[in-house]
1. Quickly work out the A:Ser461-to-B:Ala270 label distance, labels modelled 7 Å from Cα along the C-beta direction, and quote it in nm with one decimal.
2. Taking the alpha carbon gyration tensor of region A:199-270, what are the square roots of 5 times its eigenvalues, largest first, to the nearest whole Å?
3. At what distance in nm do the modelled label points of B:Ala450 and B:Phe438 sit from each other, each positioned 7 Å from its Cα along Cα→Cβ?
4. Do any of A:Lys99/A:Lys343; A:Lys77/A:Lys139; A:Lys107/A:Lys139; A:Lys77/A:Lys99; A:Lys77/A:Lys488 go past 21 Å between their Cα atoms, and which?
5. Mind checking B:17-30 for the average number of partner chain beta-carbons within 10 Å of each residue's beta-carbon?
6. Output ³J(HN,Hα) for region A:545-557: one whole-Hz value per residue in order, computed from phi by the Karplus curve 6.51 cos²θ - 1.76 cosθ + 1.60 with θ = phi - 60°, and x for Gly and Pro.
7. Taking 0.36 nm per residue of sequence separation and subtracting the Cα-Cα distance, how much length would be gained by fully extending the chain between A:Asp44 and A:Ser530, in nm to one decimal?
8. Return the FRET efficiency for the residue pair B:Glu196, A:Lys537: r is the Cβ-Cβ distance, R0 is 51 Å, and the value is rounded to the nearest 0.05.
Amino acid sequence: MAIIGIDLGTTNSACGVMTDEGVTLIPNRLGEALTPSVVGLDDDGKLVVGKTAKERLINHSDTTVAAFKRLMGTDHKIKLGRQQFSAPELSALVLRSLKEDAEAYLKEEVTEAVISVPAYFNDNQRQATKLAGELAGLKVERLINEPTAAAIAYGLHDKREGNFLVLDLGGGTFDVSILEFFDGIMEVHASAGDNFLGGEDFVEAMIDSTLEELALKKSSLKPHELQNLYMQMETAKRRISQQSEQLLTLKIGGRELEWRVTPEWFEKLSTPLLLRAKRPIERAMRDADLPPSKIDEVILVGGSTRLALFRSMVGRMFGRLPSCHLDPDTVVAMGAAIQAGLKAKNSALDDIVLTDVCPYTLGTGIVNEDSPQLGNYFLPIIERNTVVPVSIVRSVCTARDDQNEVCIDIYQGENRLVKKNVYLGELTVPVPKKPRGEEVVEVRYSYDMNGLLEVDVTVASTGKTFNKLVEFTPGALSAQDKAQALVKLAKLKFHPREDEENQALLARGERLYEAGLGEQRDYISKLLASFDRVLDKQNLVEIGKVRAEITEIFDKLDGEDWI
Amino acid sequence: MSPWEILELEPCNDARAIKRAYAKKLKQTRPDEKPEEFQQLHSAYKWALKAAEELKEEKKEGEEPHSTEVLAEVASAEQAALSTEAAQLQGQAETPVQQRSELNHQDQSPVTHEAIEQAPPEVSLDQGQETEGERQREASTEKPVEEQHSKDKNAHEDIVQENPIEEDDTEQDPQRALRIAEYHRVLEQVDRLLQEPSNFNVKENWRFLTDTPYMLDEEYNWNLGLSIFERFARINFQASETTSKGKKQAQISNNILQYCNSLFDWDGNASYLYGALDESLCDCIFNSLQSEEVTVDPAQGLRGGRKLIRQKITQPEETYDQYYFGHLLARGVAVLLDVLLLYVAVGFIASIVMMKVYDMSEGAATTITLGICGLAYLLVAWIAESSRFQATPGKYLMGYKVTNKKFERIGYGHGLWRLLSFTLTLPLGKIGWLINCFLGGNLIHDRLSASHVINMRKSREEYLRRLRGEG
């Protein structure tokens, strides 16, 4: 049975599979490789995922949501219509859509997948991704880091040996990894990143600046005005390096405004974001302890690396042009598919071994006696960029006389104060009462290939061991909650597969109607009405013909390269 | 087993051979299947690579003592040639400060978006050191400047003094001259803004910093960051000095510091800043940067959805090893405060209404409203003590909290029980008060309802004091 590889992105998702012929990307129900990570409910309460949902984002923003990957690993929930969803649940819906596409393509059931996550995702976010897989009915035994996946795809494609620097600037996350490829070994030397930096932030900056100049507040805009603005800015961003000036007609606050987008304006807005992108690159270079001369290739991954400003910054940093001859949007999915193939022990791949590192320092809190007001100190147990899987023990002792419990807090981060690091959980173990410092507990952290952490605590005097996979995780679900979530999601149904193209076309028409003016509007509404009539007749041949015609017309009308 | 044995290899200095041996072994020891053996193999591999490098160097030193010099020269020439920013990051200069300054001087690649040019390589380490020396001397001779103007001049000198060394470069490189001019212009703007304490804490007023693409230039970014850091540090240092003398002076607020930190990465360059400036000045900024927790709003960039429901991350409750009961008198005062508060909030209006509408005498109205306030107090106390504040406003002021026997928050059910216990003890009147005097803060109704009123403030202070005392 095939295992599929999935790239679950902030903006777009894709999946692929490894067959005897090699890696193939699986087309979705619209025949496209990329499925926008947008989820919505339509008027009949049916589930809409992907391009159709993305088109509906403008007119139905109440019941449609995008970029929810940013909420992974948090407790937040999003209300769509009358129902509430957590980020893993929404991700599960995207995964389910991909799973069904794969099943239709492979003509067999798919129950297992390798999912890629940003290398810099923390433990909470990884757990949330795993949970999303489970909720979608996929067994996820393996999570793979996105830059690593991309490097695998490149490594296999080029068969080149040497050191690679992978920069993955996606919709919402930025990852940096330094890898070495030799004799079928893919070794990750260092990883760094920023979990809140991506293409969406550039759009966000454009919008913030526009609204500031127009003296408008974001909250004062109507939802559809705001979503329309997002779309216009998104399109303008994509064209920024090709056109010296773009004139947009913004419909905000009930007015119509002319707005000029120039590369100079965009450059100004991007500077703080580019500065943020430089930090992880510098840190990864330091951690890997490799001089830039030893980097054989700089690889760009992720749609946002198409930004000329980003490319030229990287070019200046490394004194060479970065490469990106594989499609930056799908290369991660290809890599994940290869890893999935590896997992299924497809014989052709048996000679590749991957070693990865843990991107964060993991540790615990210890009592800070110098300055208690600042909170506990951080005691690192697994240092960042240690090769994984790894298991390390450190001993700590009681801080007070007659202490009868020791609480091991689990933190992740680089600050010397625990409160500035990410809290992952805690474990409290009972100890015999003794004077301060005489009772010792051994804390063992084990970090596996998926980037998931397990903590064992052994009390030295009694020899008792307490174990847990990090227990108190924000957003984690109990078995009962999980069952409930599964029931809730099972109630949501997709439109029939063959109907999806019609739905997408209708949604697109609606969006064009919203953006259009005067005569154009009348024309679009006439087209949509005629399409509705044809749909009613349920003659598949005729529907196909009319759909093709209208699509062609829409393509002409649609100035926005939207997707 | 020695690392060489693990790799099944004869000791050698050939990195390629080691890699080959490691690859061969690794395919039999897959990390996901044999994690422990893999760790062993991996550390053997890393060790062998290091050993091979050392062996190589030893061999060279032993065999050809003269070649070392030549090699070193080649190495340094190579190093100089790699004058991209990142190359310098890896540069192994003696102190971090030098490393950083070397970086600044060598990176002269012009700012163009298309062309990627190599910077002129002829800048040796010595020059970097010299400039750094000068900069340090300046920093130390600079007095805690009160006159804003002299700062300006100093900063000017800072750059001007650097220039003689690189005058030739400046002539060759008009781009760099432009950058320096821009640096002065922006710095003037910074100084103008800093003259206006009413404006300098508005984040929007600092946006001009990112108006220039030079911000992405390492040299420009570092120098501007350093100059601004120094100005901020002086202002805040001075402000904290005068505040301790009782006067108040405007400080650069934390959000401005965080914003500039995000532009200039002061956190990441802390060691260089400490090298360039006075420790107390640096501390002043870094302490405020440390104290603030930076939280990224996870909802940023989220699109659509009717509403985002944020669940509060429940703060772990305060726990100490020893608790102190609240004092009887203080609790009495707290109750009086609460009733008074209720009287001011509700009773006052109520009594006016009674006097106007029902024509009551002032005394009678006050008595009735006080009675109402007493009853209202019971209701408010129940809700407030069971809520997450665990205290009525009066108790809150005293630093008191109501807890159950495990020193945790009591729920609303338990709170009702507590309320009933209290009303039951009321008829005891003065006798009740008398008994309470001998109960050490754990009063009759507390005992009846299995709850405590704890002086959390004292418990916390004592706990911290013990920690410090013992440390």
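Each reported figure results from applying straightforward, stated rules to the coordinates on display, with no laboratory input. Remember, it's a predicted structure, so these values are computed and weren't measured experimentally. Here the Cβ is made from the backbone with ideal geometry for all residues, glycine too, and neighbour counts use every protein chain on show.
1. Computed distance between label sites B:Ala270 and A:Ser461 equals 3.7 nm.
2. 19, 13, 11
3. Going by the 7 Å Cα→Cβ label model, 2.7 nm.
4. Those over the limit are A:Lys77/A:Lys139; A:Lys77/A:Lys99.
5. Details: counts 0, 0, 6, 3, 1, 4, 7, 3, 0, 7, 7, 1, 1, 5.
Going residue by residue through B:17-30 and averaging, the value is 3.
6. 3J(HN,Hα) across region A:545-557, in whole Hz: 5, 4, 4, 4, 4, 5, 4, 4, 5, 4, 4, 6, 5.
7. Numbers: separation 486, 0.36 × 486 = 174.96 nm, distance 2.16 nm.
Result for the pair: 172.8 nm of gain on full extension.
8. Numbers: r = 72 Å, r/R0 = 1.42.
Calculated transfer efficiency: 0.10.
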